[in-house]
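This report refers to the structure that appears directly beneath it.
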Amino acid sequence: MIETRYLIASLENTSVYLMTPSVITANALVSGSGDSIIKVFTAYNSADYGKITRNMFTEKVYSIDQKGGNTFVEMPDEHVSSSWKETRSILLTRQHLFGRWESFTKQALARQTRHQWAEFDFVAMEQIKESDPASNTYTWMLEEYARIVDMPVDRAYKELKLRLESDLMTKFRIQALAEKWKDKINQVTMQQQVEDVRREMAREFWQNSSI
């Protein structure tokens, strides 16, 4: 796997607001900022990739020289507007909350991550749809599953169907919570709001992320 860093940069002049290792957080951040884009940096598309640290873009301001192979050019402070600095401050505040947001989401989804094979739920649901318990007709894959787990195929069908539908509903609920709190985080503009948002988000994920 290629190690990747996602830079949130100004759409106007590709000056870098911040860095995140998470593409999910990167997309969440730009969805709340009309002036920002995601720039993807790897060791294969930037000679300066090895220089990137999390704090690099909070201490100084860099623009991206795309013609120079995605290298960084430090911008003098007098060339950086106060509005740009304010936008960076807001995005950094939101980034902290999005770290919590991803953690809460992953924690909630962990209870539905049961299988060694990531596609099992999708394939199993297809087998459920293609089977007909009323006529005692089941797919050969479902029959093989029942044979291996040493269970009558009708019982295997019922148990799988119940579990898959329950898990799917829970995942939909968690995704809805994630969308709700993504929008709320993208309304945060001050550091003073962070703790209230974090506390309420934690409470709702704890109480409402499962059926």
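Miscellaneous remarks
This table checks each residue for (1) closer than 30 Å to residue 181 by Cβ; (2) touching a residue at least 12 places away in the same chain (Cβ under 8 Å); (3) of a type outside the set (Lys, Arg); (4) surrounded by 17 or more Cβ atoms within 10 Å (Cβ to Cβ).
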| position | (1), (2), (3), (4) |
| --- | --- |
| 119 | yes, no, yes, no |
| 127 | no, yes, yes, yes |
| 133 | no, yes, yes, no |
| 152 | no, no, yes, no |
| 163 | yes, no, no, no |
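Condition check ((1) in contact with a His (Cβ under 6 Å, 6 or more places away or on another chain); (2) part of a loop (DSSP other than H, G, I, E, B); (3) more than 27 Å from residue 195 (Cα to Cα); (4) at pLDDT below 95) across all residues:
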| residue | (1), (2), (3), (4) |
| --- | --- |
| 8 | no, no, no, no |
| 18 | no, no, no, no |
| 34 | no, yes, no, yes |
| 72 | no, no, yes, no |
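- Qualifying residue in region 131-150 (condition: part of a loop (DSSP other than H, G, I, E, B) and among the hydrophobic types (A, V, I, L, M, F, W, C)): yes
- Residues within region 156-211 that are aliphatic (A, V, I, L, M) and either part of a loop (DSSP other than H, G, I, E, B) or more than 22 Å from the chain's Cα centre (by Cα) (or both), tallied: 7
- Some residue of region 106-123 being in the same structural domain as residue 10 (by TED's automatic domain parsing) and hydroxyl-bearing (Ser, Thr, Tyr): no
- On inspection, residue 171 does not qualify as touching a residue at least 24 places away in the same chain (Cβ under 8 Å), among the basic types (Lys, Arg), more than 29 Å from residue 27 (Cβ to Cβ) and in the same structural domain as residue 199 (by TED's automatic domain parsing).
- Across region 95-116, the number of residues qualifying as assigned to a loop (DSSP other than H, G, I, E, B) and under 15 Å from residue 172 (Cα atoms) comes to 3.
The values are calculated or read from the model by the stated rules, or taken from the named source; none is laboratory data. Quick caveat: nothing in here was measured; it's all calculated off a predicted structure. Here the Cβ is made from the backbone with ideal geometry for all residues, glycine too, and neighbour counts use every protein chain on show.
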